[in-house]
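Please read the structure below before turning to the comments.
No lab work stands behind these numbers, since they all come straight from the coordinates. For clarity, every value in this text was computed on a predicted model and none was experimentally measured. Using ideal geometry, Cβ is built from the backbone for each residue, glycine included, and neighbour counts are taken over all protein chains shown.
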Amino acid sequence: GAKSLIARLFLESELSGISPEEFKIFQLQFHQLIQEGKITGFPVVKDYLEGRFEVNTEDSLVGPKFALALFDEMEKALPSVTTKLLSVLAERKALHGNKVIDAVLRAGIATSNSTLAEFRESFEDKSTADAILDRFGLKPW
């Protein structure tokens, strides 16, 4: 929608003059099928018998090039995904098994079609909604 377009244009203007190979914008529209791996990376088994795995973060929020992020309709995410997202936003790192993955994320914008009241009501645990609003310094109007 229009809010997402304006947010994306703003983020793109912040990256003007910077090579796309250096930094990118992470964009995610949340829904019930989005998995935690979009936030923290997906495990890739390297040796099944020894239980060795690596974490592929190339297309996840903690990816090596995502300095800015655009999140749309966060209230539609699964609680486990919201928890991972809040952790990354607070700590700028993700824990995946016994691996700590640093994020280069510097700033993010969240958009929603919901009113503030609808946004809060969409969460069973209202403290989760409050944490999201806190992380983004939302100024509803």
### Message
Explain nothing, just compute: Karplus ³J(HN,Hα) = 6.51 cos²θ - 1.76 cosθ + 1.60, θ = phi - 60°, for every residue of the stretch 84-92 in order, whole Hz, x for Gly and Pro.
### Response
4, 4, 4, 5, 5, 5, 7, 9, 6
### Summary
Length gained if LEU5 through SER87 is fully extended, taking 0.36 nm per residue and subtracting the Cα-Cα distance, is 26.9 nm
### Under-5 Å amide H pairs with ALA103, H placed in peptide plane, nonlocal only
LYS93, ALA94
### Message
List the residues, sorted by chain then number, that are 5 or more residues from ALA110 or on another chain and whose placed amide H is less than 5 Å from its amide H.
### Response
PHE71
### Query
What do you get for Rg/Rh of the stretch 80-141 when both radii come from the Cα atoms and Rh is the Kirkwood radius?
1.01
### Query
Along the charge dipole of the chain, which of GLY37, THR115, SER13 sits closest to the positive end, that is, farthest toward it, with unit charges on the beta carbon of Lys, Arg, Asp and Glu (+1, +1, -1, -1)?
SER13
### Message
Within the chain, which is the longest segment that contains none of the GluC sites (Glu not before Pro) sitting in a DSSP loop with at most 12 other Cβ atoms within 10 Å?
### Response
59-123
### Task
Using just the helices of the chain, give the 222 nm mean residue ellipticity in deg cm²/dmol: DSSP H runs with n ≥ 4 each add -39,500 (n - 2.57), and the total is spread over all residues, rounded to 500.
-9500 deg cm²/dmol
#### Entry: Answer label, with Cα extents along the principal axes in Å calculated from the coordinates and candidates [x] 41, 34, 26; [y] 54, 42, 24; [z] 55, 30, 29
[y]
